[in-house]
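Below: one structure, written as C-alpha cells.
Quick note: the coordinates plus some simple rules give every number you see, no bench work behind them. Please read all numbers here as calculations on a predicted model, not as lab measurements. Ideal geometry is used to build each Cβ from the backbone, glycine not excepted, and the neighbour counts take in all protein chains shown.
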C-alpha cells in the first residue's frame with residue numbers, strides 16, 4: 001500500500017522516508033535538506049539581484065550568515081513561546097531542534113530585525129536591502145514547505161476535494177489529528193489512512209505565485225520598499241486563509257497566532273503601500 005496517496009489525482013507514492021541518508025551515524029532528514037537548499041538558492045538569488053542593482057554582493061553574503069543564525073533562533077523562540085504550556089513542563093526539550101518545532105513567522109521577524117540592525121551598522125538603505133531579499137525569502141518559504149511533506153506535518157482537516165491527501169494514521173503525530181479527521185478515517189486493505197488538506201502544498205504554490213509576481217514587478221518599482229511591502233501583503237494574504245485549514249495551529253486565547261499576525265500584516269502592508277504610492281505620486285506631480 002502507498003505511504004502517501006492523492007486519490008483524486010491518481011498519485012501514489014509507495015515509500016517516502018523522512019531520512020535522506022545517514023552521516024557518521026546520524027540521520028540527515030529531508031526537512032533539513034530542503035531548508036538548506038532554500039538558504040543556498042535564496043543567497044544566490046540575492047547576489048544576482050545585488051549585482052543587477054549595483055550593490056555590493058559581499059555585504060549580502062555577510063548579511064546572510066547573520067540572518068541564518070538569528071532566523072533559526074527566532075523560529076524556535078516563536079514556537080516555544082506559543083507552545084509554552086508544553087515547554088514549561090519539559091524545559092529540557094526547548095533546545096531539541098531535531099524533534100521539530102520551528103515557526104516560519106519567527107524566522108521572518110528575526111530576519112527583518114537582523115536586516116534593520118545590519119543595514120544601520122553598514123550604512124545601507126534598509127528598504128533596498130528588504131526589496132532585494134523579499135523574493136529570496138518567499139522562494140525559500142516555498143521550497144521549505146516541502147520539508148513538511150516528508151515529515152507528514154502541516155496538513156489541514158478532512159477534505160474530499162481534488163487535492164485530498166492520504167497518510168497512514170500511524171505516520172502522523174496524534175496531536176495533529178482533529179476530530180473531523182478521525183471521523184473520516186479510511187481503512188484500505190487493513191491500513192488506516194487519514195484524508196486531509198495538503199496545506200503545505202497550498203502554501204508552497206501560493207508562495208511560488210508571490211515569488212513570480214515580485215520578480216516581474218521588481219523592475220518596475222516606484223520606490224525602495226515597494227517589493228518588500230508587496231511581499232508582506234502577498235504572503236500574509238495566503239497565510240491568513242491557509243492557516244485556518246491547519247490542525248497544528250499555535251494559538252493564543254483561542255485564536256491562531258499566525259492568522260492574527262497575518263491579518264495585522266495585511267493591514268500594515270496596505271497602509272504602507274498606499275501611503276508611499278500617494279507620496280510618490282504627489283512628489284512626481286510637484287516635479288512636473
Please find, in a Gaussian network model of the chain (springs between Cα atoms separated by less than 10 Å), the residue of 206, 30, 277 whose mean-square fluctuation is greatest. 277
Would you calculate, for the chain, the mean residue ellipticity at 222 nm contributed by helices, counting each DSSP H stretch of 4 or more residues as -39,500 (n - 2.57) and dividing by all residues, to the nearest 500? -20000 deg cm²/dmol
Which of 82, 228 comes first, and how do the rest follow, when ranked by fewest Cβ neighbours within 10 Å? 82, 228
How far is it, in nm, from the label point at residue 37 to the one at residue 17 when both lie 7 Å from their Cα along the line to the Cβ? 1.8
When the chain is treated as a Gaussian network with springs between alpha carbons less than 10 Å apart, the largest mean-square fluctuation among 182, 97, 230 is found at 97
Cα gyration tensor of region 1-139, axes a ≥ b ≥ c as square roots of the eigenvalues: rounded (a/c below 1.5), prolate (a/b > b/c) or oblate? oblate
Additional length obtainable on full extension of the chain from residue 120 to residue 84, 0.36 nm per residue less Cα span: 9.6 nm
Region 191-288: C-alpha gyration tensor shape, a/c 1.5 cut-off, then a/b vs b/c: oblate
Separation between Cα centres of region 230-262 and region 197-226, rounded to whole Å: 17
With equal scatterers on the alpha carbons only and no solvent term, can you work out the Debye log10 of I(q)/I(0) for the chain at 0.07, 0.10, 0.12 1/Å? -0.30, -0.60, -0.84
Which order, highest average first, do 38-46, 247-255 follow once you tally other Cβ atoms within 10 Å for each residue and take the mean per peptide? 38-46, 247-255
Cβ-based exposure ranking for 257, 108, 267, in which fewest neighbours within 10 Å come first: 267, 257, 108
Ranking of 15, 197, 184 by count of other Cβ atoms within 10 Å, fewest first: 15, 184, 197
Whole-angstrom gap from region 8-68 to region 148-166, using each part's C-alpha centre: 23
